[in-house]
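Enquirer: Before we start, here is the structure in question, set down as structure tokens.
The values are calculated or read from the model by the stated rules, or taken from the named source; none is laboratory data. Computed from a prediction, not measured in an experiment: that's the story for all the values here. Here Cβ is always computed from backbone atoms with ideal geometry, including for glycine, and neighbour counts include all displayed protein chains. Ligands, DNA and RNA are stripped out before the accessible areas are found, and what is left, the full protein with its side chains, is counted by its heavy atoms. Shrake-Rupley method; radii C 1.70, N 1.55, O 1.52, S 1.80 Å.
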Amino acid sequence: MLFSRWGAFAYRFRRPIVLVTVLFAIASAVVGAKVTSALSAGGWIDPTSESAAVSARLNDEFGAGRGTLIVLFQGEPGSDARSATVQGAIATSLSRLASDSRVGDLVGFAQTSDERFISTDGRSAYVVARLTITDEQSVDEIDALRGLIDPPGAGLTYKLAGIGPFTRDQAHQSEKELIQAETVSAPFVLLILLAVFASVVAAGLPLLVAALTIPTALGGIFLVAQVTDLSIYVQNVATMLGLALAIDYSLFMVSRFREELRRGRTVAQAVETTVATSGKAVAFSGLAVAIGLSGLLLFRPTALRSFGIGGSLVVASSVFFALTFLPAVLGMLGPRVNSLSLAGLFAAIRRRLGRPIAADAPAMRRSRWAAVAHLVMARPFAFLVPTLIFLLVAGTPFLRLAQGIPNASTLPPGLESRDAAVALATDFKAGETTPITILATVDGDPTSPANIGQIGKLADAIDGIEGIDRVEGPFSGLRDPQTGAPLTGDQLALFFTAPASQMPPAFAAARDQLKAAYIRGSVVRLDAISPIDAVSPAGTALIPRIRATAVEGVTTQVGGLAAEGADFMTSQASTIPYAVGVTLLASAVILYLLFGSVVIPAKAVVMTLLSISASFGALVWIFQDGNLSNVLGFTSPGFTIAGNPIIMFSVLFGLSMDYEVLLLSRIQEAYRRTGDNTASVAEGLSRTAGVITGAALIMVTVFSAFALAESITIKSIGVGMAIAVLIDATIIRVLLVPATMRLMGRWNWWAPGPLGRLADRLGFSHVEDDPAADGGPAADGGPAADGGGHAAEPSPGLARP
């Protein structure tokens, strides 16, 4: 058997394996220390979308696709940002910035006299620095660009906004929350491990594996980030998953190793059996998690794909150290894994106090869990029906899911880029900094009377859409200087085509500025201004209506922040069925290969979906509806952060397989040995419930620590996943699994003839067990173990109905 042979190999070469794996982790940690600098705050754009094409055209044709840096100047109450004094102070403050090669030009009230650059209370103003470098490139230049801005004087203070400052603040906040989560969760995780193992040495092993796994995964993420964009939040999710998975897998294996030692096995046999049973479960569980995460690779936006890449690297690292370093260390420790036993300490204390020593605690716990299993199986419908109703009702809030793109407002107050972005959104006329851009292409000269008329019709039609304040373009707002009436189409055509020598210099200069800003060849740029938040569901809902606006002879493409959000939602919605389908199918296949049954995978998929839907309902109820906001310390944006549900689905579906595989593996061992369905379920639950409970508490602790994050994106993921794991490890494993296993009986292990024979031939479902060593059921007449310690295969009639 493959895993049995690997266990023997790991024991034989235990010292070299420990040395090599530790050195590998150290080398990875050196590389991973630089991971934050390689990650990006972007990635929420579908590169194949219309909005991405507009962004590229703005860059190539209009020179407007480069980065921007917004400098917000805030004055004292009662000051006038329009005054010569304030504008002079602003110009002086920005003079060195304006002359830098990384800055193309500055646009503000001084350059345009446009009221959009002045706050509604008149005391603040902003200036847009149009850069010659991209937003991504500007991230590393923010400190240098800030150094070129002199203190403004005149009672002014300034803040920086834009993609560059936002990315920097997001990276720093991500690191801060990462350290906070690790610091908060580590002591609680250690306490849980001590409670589960009652041994300091055994409790320390899972933490040691996690300490090797996380730096290794971050090193891999850094290397991958050199060839593709990865989200800044990948390091948070990687740490979250790394702690949970590495500790869970170690918990499973250390528990099984100690159990084998109690059975009287030698250290070599204990290591071999641990890897053959729990090690196999870990490998298949890791494969299930990786497949769940790989569904994210089907999405086109790099932010979603990056979670799949980063998560898969974490899973690979967790499984790698669980199957190499851990069995090798267990082989080196042997019985010393139980050293520094808390039970021994407590027993000594009780003896000194003259109190009787309690019976074997693990045996008592197993008997209690067996009693719970028998209780559920005695009245399966009484537990099944209420549980299903509860899960379905808990999931109903998810039916009103509304998603929005994360922006600076999702960061905590006090961060410069966040406060500047909020001030721009609330203190200035809404929507001025986030226009919806329409590139309109016509046949021939766009300044001909006919084309001007068609462009005017398009602008009027878009302006008539509810939620659009106005549409700006080269032909809007121009009036006859003598009458004040808007210019007609013929007058506009004359204005744009007349020789400069026949026009007043001021008119000629204004015309050149309009052409430079709005016209390239046969393409005219229009900017639709909407007061609706561009990243909100209402803001993105404007885009389909604008795109549906048609005028004969004009073709359009729509871009801008709202369009990028709408395209992200469309891309996500079109890919989700495939990602979910691949995840469900692949997970079902893995469970079939492991258990040789088609019923077990079907039940596992349904129960996991119920668990996840309930957690999604909680996610919407809490973060979208704003319930518990005072308790959790956040302000609801009024929507669910886009991408979070599918990210959570991919992670949680895989994680739920951890408990499914561990529990059902022990049930299958008992069933192959005895053929008694009810007794097998009770035994499997009694032997694994303590470990599953400990593992779940650890996961909930780790995820809850990330719920302390100030960023809503990470906070919502942490809370949602903590709720999902809690539901999965309690309601699903303790109530639904025993109830459904009892109702299905021998049919739990059924597979059609060809599929059953295929599973037997592959051999993945063959389990390793030697119950006679501890006086288990085999002593009462179950199939005996063969000479190599492998459980003898029952007859086909015993394994399947």
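Enquirer: Take the residues in segment 83-113 that are more than 11 Å from residue 126 (Cα to Cα), in contact (Cβ under 8 Å) with a residue 12 or more places away in the chain and assigned to a loop (DSSP other than H, G, I, E, B); name whichever of them is most open to solvent (accessible area, probe 1.4 Å).
Expert: Among them, the one singled out is 101.
Enquirer: Assigned to a helix (DSSP H, G or I) and acidic (Asp, Glu), is that true of residue 527? Spell out the reasoning first.
Expert: Values: assigned to a helix (DSSP H, G or I): no; acidic (Asp, Glu): yes.
Judged against the criteria, residue 527 is not a match.
Enquirer: Just to be sure, is residue 573 at pLDDT 90 or above and surrounded by fewer than 18 Cβ atoms within 10 Å (Cβ to Cβ)?
Expert: Numbers: at pLDDT 90 or above: yes; surrounded by fewer than 18 Cβ atoms within 10 Å (Cβ to Cβ): yes.
Criteria met by residue 573.
Enquirer: Answer yes or no as to whether residue 243 is crowded, with 24+ Cβ neighbours inside 10 Å, more than 23 Å from residue 687 (Cβ to Cβ) and either of a type outside the set (Val, Ile, Thr) or within 13 Å of the chain's Cα centre (by Cα) (or both).
Expert: When the stated conditions are applied, residue 243 passes them.
Enquirer: Looking at (1) open to solvent by less than 60 Å² (accessible area, probe 1.4 Å); (2) part of a strand (DSSP E or B), find the lone condition where residue 555 falls short.
Expert: All conditions pass for residue 555, except number (1).
Enquirer: When the residues of segment 206-223 are narrowed to those that are of a type in the set (A, V, I, L, M, F, W, C), more than 17 Å from the chain's Cα centre (by Cα) and open to solvent by 10 Å² or more (accessible area, probe 1.4 Å), which ends up farthest from residue 187 (Cα to Cα)? If you could, list the steps in order and put the result at the bottom.
Expert: From segment 206-223, those of a type in the set (A, V, I, L, M, F, W, C) are 207-212, 214, 217-218, 221-223; that's our starting set.
From what's left, more than 17 Å from the chain's Cα centre (by Cα): 207-212, 222-223.
Within this subset, residues satisfying the condition of being open to solvent by 10 Å² or more (accessible area, probe 1.4 Å) are 207-208, 211-212, 222-223.
Working: 207: 11, 208: 14, 211: 14, 212: 18, 222: 28, 223: 31 Å.
Going through the qualifying residues, I end up with 223.
Enquirer: Given the condition open to solvent by 40 Å² or more (accessible area, probe 1.4 Å), in a helix (DSSP H, G or I), touching a Pro at 6+ places or on another chain (Cβ under 6 Å) and not charged (D, E, K, R), answer yes or no: does some residue in segment 586-609 qualify?
Expert: No, the conditions are met nowhere in segment 586-609.
Enquirer: Restricting to segment 12-42, what's the tally of residues that are in a helix (DSSP H, G or I) and open to solvent by less than 60 Å² (accessible area, probe 1.4 Å)?
Expert: Total satisfying the criteria: 14.
Enquirer: Is it the case, given these coordinates, that residue 195 is within 30 Å of residue 331 (Cβ to Cβ), open to solvent by less than 10 Å² (accessible area, probe 1.4 Å) and of a type outside the set (Val, Ile, Thr)?
Expert: When the stated conditions are applied, residue 195 does not pass them.
Enquirer: Which one is farthest from residue 184 (Cα to Cα) among residues in segment 692-713 that are in a helix (DSSP H, G or I) and open to solvent by 20 Å² or more (accessible area, probe 1.4 Å)?
Expert: Among those residues, the one meeting the criterion is 693.
Enquirer: Of everything in segment 625-651, what is within 23 Å of residue 536 (Cα to Cα), open to solvent by less than 20 Å² (accessible area, probe 1.4 Å) and assigned to a helix (DSSP H, G or I)? Give them in sequence order.
Expert: 644, 645, 646, 647, 648, 649
Enquirer: Just to be sure, is residue 229 surrounded by fewer than 24 Cβ atoms within 10 Å (Cβ to Cβ) and among the acidic types (Asp, Glu)?
Expert: So residue 229 fits the description; yes.
Enquirer: Search segment 374-421 for residues being free of Cβ contacts under 8 Å to residues at least 24 places away in the same chain and outside any helix (DSSP H, G or I), and hand back the single one that is nearest to residue 158 (Cα to Cα).
Expert: 414
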